[in-house]
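Written out below as C-alpha cells is the structure these notes cover.
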Amino acid sequence: MAEALLANKVVCAIERVDYSCQKVQKSDDEVAKAVIEVVGLFGVSTQWAAVYRVLVDFCGWDSDFSRFCHRMNRLLKDVRLERPCNYQAIQKPIAANRIMGKDFQDWKNYQAPKGDRVFTRQMFIARKLLKLLSINA
C-alpha cells in the first residue's frame with residue numbers, strides 16, 4: 001500500500017514537470033504586441049477563445065475566464081479595441097462546441113465538419129498568435 005502511494009506521488013510529480021515544461025515564458029510586452037495584431041484580424045468577438053486557448057495552454061495564463069479577461073484587459077488597458085475581451089466572448093464558443101474546451105493539441109487533431117466556419121476561424125487566430133509568439137505547436 002505504501003509503495004503504491006509513493007509510486008502515485010512520483011507519477012504525479014513527473015506529470016506536473018512534463019506539463020510545466022510545455023509552457024514558454026513570454027513577457028507581457030511580447031503577448032500584448034502579438035494579441036493586438038491578432039485582435040485586428042477578428043471577424044467576431046468570440047475569437048477571443050483562440051487567444052485564451054493559446055495563452056492558457058502555452059504561456060501558463062489562468063484558465064478561469066474572468067481572471068483571464070481581467071489580466072488581458074489590464075495588459076491592453078491603453079489600447080482601444082473594437083472587440084474587447086470579456087467572459088461571454090470566451091465562454092460562448094467553448095460552451096457551444098466541445099472541441100473548443102479542449103487543449104490545443106486536441107484542436108490540431110480535430111477534423112472540423114465541412115462548412116464549419118466557427119472552428120476554422122478560431123484555428124486561424126490560434127495559429128497566427130502562435131506564430132507571432134514564436135511558439136512551435
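Rounded to the nearest whole Hz, the Karplus-based 3J(HN,Hα) values (6.51 cos²θ - 1.76 cosθ + 1.60, θ = phi - 60°) of region 39-56 follow the sequence 4, x, 9, 4, x, 9, 5, 5, 6, 4, 4, 5, 5, 4, 4, 5, 5, 6, with x at glycine and proline. For region 29-104, the orientation-averaged shadow of the C-alpha convex hull comes to 4.6 nm² (one quarter of the hull surface). About the centre of its Cα atoms, region 60-137 shows a dipole size close to 220 debye [charges on the beta carbon of Lys, Arg (+1) and Asp, Glu (-1) only; nearest 20 debye]. May I ask you to list the lysines whose Cα is less than 18 Å away from that of K33, ignoring any residue fewer than eight positions away on the same chain? Of all the lysines, those that pass the test against K33 - Cα under 18 Å, at least 8 places apart if same chain - are K77, K128, K131.
Every number here is computed from the coordinates shown, using simple stated rules; none is lab data. Just so you know, these numbers come straight off a predicted model, no measurement behind them. In this analysis, Cβ positions are derived from the backbone assuming ideal geometry, glycine residues included, and neighbour counts consider all displayed protein chains.
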